[in-house]
1. With the structure loaded, tell me whether ALA277 is of a type outside the set (Lys, Arg), assigned to a helix (DSSP H, G or I), surrounded by fewer than 17 Cβ atoms within 10 Å (Cβ to Cβ) and not assigned by TED's automatic domain parsing to the domain that holds THR128 or whether it fails that test.
2. Where the second residue is loosely packed, with under 15 Cβ neighbours inside 10 Å and not acidic (Asp, Glu) and the first is more than 20 Å from GLU110 (Cα to Cα) and lies in the stretch 137-156, which pairs have Cβ atoms under 7 Å and are six or more apart or on separate chains?
3. Are any residues in the stretch 172-200 of a type in the set (S, T, N, Q) and buried (at least 20 other Cβ atoms within 10 Å of the Cβ), and if so, which ones?
4. May I ask you to say which residue of LYS233, LYS228, LYS250 is farther than 30 Å from LYS79 by Cβ, surrounded by 16 or more Cβ atoms within 10 Å (Cβ to Cβ) and without any contact (Cβ under 8 Å) to a residue 60 or more places away in the chain?
5. Checking LEU17 against (1) under 19 Å from SER227 (Cβ atoms); (2) aliphatic (A, V, I, L, M); (3) part of a loop (DSSP other than H, G, I, E, B); (4) at pLDDT 95 or above, which single condition isn't satisfied?
6. Just to check your reading of the model, which residue among ILE271, ILE253 is in a helix (DSSP H, G or I), of a type outside the set (Lys, Arg), modelled with pLDDT of 95 or more and assigned by TED's automatic domain parsing to the domain that holds LYS172?
7. Is at least one residue of the stretch 299-308 modelled with pLDDT of 95 or more, within 18 Å of the chain's Cα centre (by Cα) and not assigned by TED's automatic domain parsing to the domain that holds LYS172?
Amino acid sequence: MAKKALILLNMGGPNNLDEVEVFLQNMFHDKNILPFPMFLRKFIAKRIINSRLEEAKGNYKAIGAKSPLPKLTQNLVGKLQTKVDEDTTVTAIMRYTPPFAREVLQRLQEQGVQSLYLFPMYPQFSTTTTKSSIEDIYRNLNTLRYSPRVFKMESYFAEKGYTDAVAKQIQKKLDKFPGYDVIFSAHGLPQRVVDKGDPYQKHIEATVKKVSKKLHGYNKIHLAYQSKVGKGKWLEPSLDRMLETVQNKKVIIYPIAFTVDNSETVFELRIEYKQIAKELGIEDYRVCSCLNDDNDFVEFIRSIYSMM
C-alpha cells in the first residue's frame, strides 16, 4: 500500500522566548495576514513587531516562557498515531514556528510518502488561517519538486463529531456551574477581510448556533471577538464590550475559533480578560479549555481522515 501522511496544520507558537520574534516576523510578513504590497507589508510588519515584541515576550513569560500549543499538538499527534493504520504517519506542520512545512515535507518525501491528508486545526475557514497554511504546503511542495496526492479538509465547523465534542466540553462546565451565561469568544478579524468575502464570520456564527442547540440547562448564549490589532474596524462585539454589557455576572468563556490552546486562550482569556472581567464587576469568570487531545476530538479526526 502507498505510504500516507495525516498532517495537522496550525499557526504554531514559540517554543522558547527566542522564538517569539520568529513567530511575530513570520506572522506579520504573511500576505494573508497583512494583504498589502510587499514593500508596504514589510514596513507595517516592522512597526508592529517593534511595538509588540517586548510585551509579547512578557506575556509568554507569564505562561511559562513558551506557548502551550506545540506540546499539546504533539500530544494530539501521538494519540492519533495509535488510531490510524500502520501505513499512515501522523505529523504536524506549523505556519510561523518550527516544525515548518519545508523540513516536514522533505522528510516525508525521503520516506516515500505518496499521499498527504491536510487537516487544519481551525474549524472555520479563513484566508488568514486555513488558506495561508494550505498555500504554504503547496509552495513548499513546488520548491521540493515533490508531487504526492493531496487531500484537504478546509473546514469542519458544521460536522456533528466536532460540534458534539465542543458541546460536551462546555456542558461539563455548565453541569458544575448552572445558570452561567456562555460567551463564545472567537479570534477577531479586520472587517475589511470579511467585506472581501472571507467566510470566517459566517462560519463562526453557524458554529455557535449548532453547538448552542446541543446544550441544556444554560442561561444565555453570546458571541464576542478578541485579539484586535491596530486601529481599524474589526468584527464586533469585542469581548471586553460583551463583558461590560452582559447582565449575568457569572460567565463561562469558550474559545470557539481554536481547537488547541495557545497564548490567546491561556494568556489573553485566562489572565488578561479575567482581570478585565473583575474590573467590570463580573462575579465569576471561567474559561473552558480547547479540545486539545480530547478523545472525542481524536476520534472525530480519525473518522474524517478515513473518509478523505
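1. Numbers: of a type outside the set (Lys, Arg): yes; assigned to a helix (DSSP H, G or I): yes; surrounded by fewer than 17 Cβ atoms within 10 Å (Cβ to Cβ): no; not assigned by TED's automatic domain parsing to the domain that holds THR128: yes.
For ALA277, the condition - of a type outside the set (Lys, Arg), assigned to a helix (DSSP H, G or I), surrounded by fewer than 17 Cβ atoms within 10 Å (Cβ to Cβ) and not assigned by TED's automatic domain parsing to the domain that holds THR128 - is not met.
2. From the stretch 137-156, the pairs are MET153/MET308.
3. If the condition is that a residue be of a type in the set (S, T, N, Q) and buried (at least 20 other Cβ atoms within 10 Å of the Cβ), then SER185 is the only one that fits.
4. Values: LYS233 fails: surrounded by 16 or more Cβ atoms within 10 Å (Cβ to Cβ); LYS250 fails: without any contact (Cβ under 8 Å) to a residue 60 or more places away in the chain.
None of the others qualify; the one that does is LYS228.
5. (1)
6. On the way: ILE253 fails: in a helix (DSSP H, G or I).
Sole residue among the options that is in a helix (DSSP H, G or I), of a type outside the set (Lys, Arg), modelled with pLDDT of 95 or more and assigned by TED's automatic domain parsing to the domain that holds LYS172: ILE271.
7. yes
Each row is one residue, and each column tells you yes or no for (1) in the same structural domain as ASN15 (by TED's automatic domain parsing); (2) outside any helix (DSSP H, G or I); (3) surrounded by 15 or more Cβ atoms within 10 Å (Cβ to Cβ).
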site	(1), (2), (3)
ALA65	yes, yes, no
PRO70	yes, no, yes
ASN75	yes, no, no
VAL84	yes, yes, yes
VAL90	yes, yes, yes
ILE93	yes, yes, yes
VAL113	yes, yes, yes
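The values are calculated or read from the model by the stated rules, or taken from the named source; none is laboratory data. This is a predicted model, so every value here is computed, not measured. A quick note on method: Cβ atoms are made from the backbone with ideal geometry, for glycine too, and the neighbour counts reach across all protein chains shown.
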